[in-house]
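Peer 1: Would you mind keeping the following structure in view while I ask a few things?
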């Protein structure tokens, strides 16, 4: 394995770990349901995508070919995370889940 591949894998793993950590902290620390949706759907999706991309680089640099399974998992993740977050937010708005007093903007009141 070349040094460039090792550095690329290391950077992707660090970026992935950072964004996954930020998403997890956001999920635990943000005050209400709607703001908590941003943690797993934005940061964690990017973090897991970077980790999966590092897996693709690792196995392709070892001569085992491009990991089709990892690419399919990443595509599936990037397609389903925004859709599921949208459905969760609309369902929460429909049943009247409350927000904190500091939340600005309420488009569903229009």
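Peer 1: Could you give every pair whose Cβ atoms fall below 8 Å, whose first residue belongs to region 83-96 and is at negative phi and surrounded by 12 or more Cβ atoms within 10 Å (Cβ to Cβ), and whose second residue is modelled with pLDDT under 90 and not in a helix (DSSP H, G or I), counting only separations of at least 6 or pairs across chains?
Peer 2: If the second residue must be modelled with pLDDT under 90 and not in a helix (DSSP H, G or I), the pairs left are 85/37; 88/37; 89/37.
Peer 1: For residue 72, state whether it is part of a helix (DSSP H, G or I) and either at pLDDT 90 or above or in contact with a helix residue (DSSP H, G or I) (Cβ under 7 Å, 6 or more places away or on another chain) (or both).
Peer 2: Numbers: part of a helix (DSSP H, G or I): yes; either at pLDDT 90 or above or in contact with a helix residue (DSSP H, G or I) (Cβ under 7 Å, 6 or more places away or on another chain) (or both): no.
The answer is no for residue 72.
The rows are residues; the columns are (1) over 15 Å from the mean Cα position of the chain (by Cα); (2) closer than 22 Å to residue 68 by Cβ; (3) part of a helix (DSSP H, G or I).
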| position | (1), (2), (3) |
| --- | --- |
| 1 | yes, yes, no |
| 9 | yes, yes, yes |
| 12 | no, yes, yes |
| 15 | no, no, yes |
| 18 | no, no, yes |
| 22 | no, no, yes |
| 27 | no, no, yes |
| 34 | yes, no, yes |
| 40 | no, no, yes |
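Peer 1: Out of (1) surrounded by 15 or more Cβ atoms within 10 Å (Cβ to Cβ); (2) farther than 29 Å from residue 102 by Cα, what's the single condition that is false for residue 4?
Peer 2: With respect to (1) surrounded by 15 or more Cβ atoms within 10 Å (Cβ to Cβ); (2) farther than 29 Å from residue 102 by Cα, residue 4 is out only on (1).
Peer 1: Moving on. State yes or no: is residue 65 at pLDDT below 90, closer than 20 Å to residue 6 by Cα, touching a helix residue (DSSP H, G or I) at 6+ places or on another chain (Cβ under 8 Å) and buried (at least 20 other Cβ atoms within 10 Å of the Cβ)? Even if it seems obvious, please write down each step before you answer.
Peer 2: Details: at pLDDT below 90: yes; closer than 20 Å to residue 6 by Cα: yes; touching a helix residue (DSSP H, G or I) at 6+ places or on another chain (Cβ under 8 Å): yes; buried (at least 20 other Cβ atoms within 10 Å of the Cβ): no.
No, not satisfied.
Peer 1: Condition first: under 12 Å from the mean Cα position of the chain (by Cα) and modelled with pLDDT under 90. Can you find one or more residues in region 91-104 that meet it?
Peer 2: In the first step, residues of region 91-104 are kept if they are under 12 Å from the mean Cα position of the chain (by Cα); the result is none.
The answer is no, given that none of the residues of region 91-104 is under 12 Å from the mean Cα position of the chain (by Cα) and modelled with pLDDT under 90.
Peer 1: Only residues that are surrounded by fewer than 20 Cβ atoms within 10 Å (Cβ to Cβ) and closer than 15 Å to residue 85 by Cβ: list them for region 18-33, please.
Peer 2: Of everything in region 18-33, those that are surrounded by fewer than 20 Cβ atoms within 10 Å (Cβ to Cβ) and closer than 15 Å to residue 85 by Cβ turn out to be 26, 27, 30, 32, 33.
Peer 1: Please specify each residue of region 27-62 satisfying the condition of being touching a helix residue (DSSP H, G or I) at 6+ places or on another chain (Cβ under 7 Å), free of Cβ contacts under 8 Å to residues at least 24 places away in the same chain and within 21 Å of residue 8 (Cβ to Cβ).
Peer 2: 55, 56
The values are calculated or read from the model by the stated rules, or taken from the named source; none is laboratory data. Just so it is clear, the structure is predicted and the values come from calculations on it, not from any experiment. Cβ atoms come from the backbone with ideal geometry, glycine included; neighbour counts cover every protein chain shown.
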